[in-house]
């Protein structure tokens, strides 16, 4: 009888093992199928969400700083804005105005991790967020646990143009065209950190010319990671950037009761703009609360911006 029991347990174990292996293979096949799907190229028309207007466009000079968030389980398996299937374990992102798909480099300004990402969805629409990363991308950038991170998002123009032209010509892309990274490829080593000298990232409309991160050159693939130096950052709520000083002063007057508000002139595209900003602000939660108040006063397109500063 003991021998029969041992044999029975062994058989059950083999069956359970075979079942688990079958489930794993089915899961893997499902992920492969997700990667091998046709992709549409989409820019889209202007649209309004929660009182704010967004204007999708082919902006190959896009370079902006702000706060990133991530999305995952509640959207996993659902269609993205350009008809793909969202997979939270692939490296992807959602953006409000960039063409779909686009290739961008997202740099976590708090730990120096820099990741090449494929934008294939629209969002985020929570106030104060400039990009929504997939769960895997957030893990790789090191902010899944925190939920948000101060980031810089820069379009990779060459790669994005090439992707757009290929899709416009009617060609179909597969997973091989935009290689993904798996969990074994992510180094667990800490990211080196030091202060940058004379580097400042501004954020206005349109985006200014700023020094590019110190990242490797050559062929770029989705999922490529690198590290850059880290410098201190400051956060502001920017109500707008105006060509007319009088308009900027009127906005300043409306916002004075909310805190420290300033007007700062800046050159952009050969013209002078006047930025109206509240801050600096200590943390993301405080910035979210202040941004909400600015929106309630009548500035729904106000946004959170992050600037890198030199150390004292």
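When restricted to residues that are part of a loop (DSSP other than H, G, I, E, B) and within 18 Å of the chain's Cα centre (by Cα), the range 40-57 contains 4. Scanning the range 224-243 for residues that are part of a loop (DSSP other than H, G, I, E, B) and modelled with pLDDT of 95 or more yields one hit, 224. Consider residue 164 carefully, then state whether it is farther than 19 Å from residue 60 by Cβ, at pLDDT below 95 and surrounded by fewer than 22 Cβ atoms within 10 Å (Cβ to Cβ). Against the criterion (farther than 19 Å from residue 60 by Cβ, at pLDDT below 95 and surrounded by fewer than 22 Cβ atoms within 10 Å (Cβ to Cβ)), residue 164 does not qualify. Of the residues making up the range 282-312, those that are in contact with a helix residue (DSSP H, G or I) (Cβ under 8 Å, 6 or more places away or on another chain) and surrounded by fewer than 21 Cβ atoms within 10 Å (Cβ to Cβ) are 293, 297, 298.
The values are calculated or read from the model by the stated rules, or taken from the named source; none is laboratory data. Keep in mind that this is a model prediction, so the values were computed, not measured. Every residue, glycine among them, receives a Cβ derived from its backbone with ideal geometry; neighbour counts consider all protein chains shown.
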